[in-house]
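Please treat every number below as a calculation from the coordinates, not as lab data. Bear in mind that the values here come from a model prediction, so they are computed numbers and not experimental data. Virtual Cβ from ideal backbone geometry, glycine too; neighbours counted across all protein chains shown.
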Amino acid sequence: MPADSLNALQRATHASVLDGPGRLDPSLRRQVALGQPPPELAALVQKIRDHAYRVTDADIDALRARYDEDQLFEAIVAAALGAAEDRLQRALAVLEEA
């Protein structure tokens, strides 16, 4: 797939996840993607960014009193997207330096 097509898909995914319709406010989704969530989401977002495989049901259950299922899903996807975009930018920077 050509690089232009991949870039277009990345931009569309970014826009959809962070600014598209949803149950979680778009400004909160953007904060989460940047790794700057509100305090109650900080532990989950950090875990997703650093060691996503370590997220447990207990991590999610701790937030159910404040967020519904859809909001939690959107926060998790935003955190994963932000982590992926950060990793991509770091990898591209390393390639440019090589």
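Data table
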read-out: Stretchable slack from R30 to R90, in nm (0.36 nm times residue separation minus alpha-carbon distance); value: 19.7 nm
read-out: Angle between the chain longest axis and helix 3-19 axis [Cα atoms, degrees, rounded to 10]; value: 20 degrees
read-out: Whole-Hz ³J(HN,Hα) from phi, Karplus 6.51 cos²θ - 1.76 cosθ + 1.60, for the range 75-91, glycine and proline x; value: 5, 5, 5, 5, 5, 5, 4, x, 5, 5, 5, 4, 5, 4, 4, 5, 5
read-out: Within-13-Å neighbourhood charge of R11 [Cβ basis; K, R +1; D, E -1]; value: -3
read-out: Label of the coordinate-derived value, log10 I(q)/I(0) by the Debye sum over Cα atoms at q = 0.11, 0.18, 0.19 Å⁻¹, listed as [x] -0.67, -1.10, -1.16; [y] -0.36, -0.84, -0.92; [z] -0.63, -0.97, -1.01; value: [y]
read-out: Nearest 10 degrees, 0 to 90: helix 39-51 Cα axis against the chain principal axis; value: 40 degrees
read-out: The chain, relative contact order [Cα under 8 Å, separation at least 6], %; value: 31 percent
read-out: Top of D25, D68, D57 by mean-square fluctuation, Gaussian network on the chain, Cα under 10 Å; value: D57
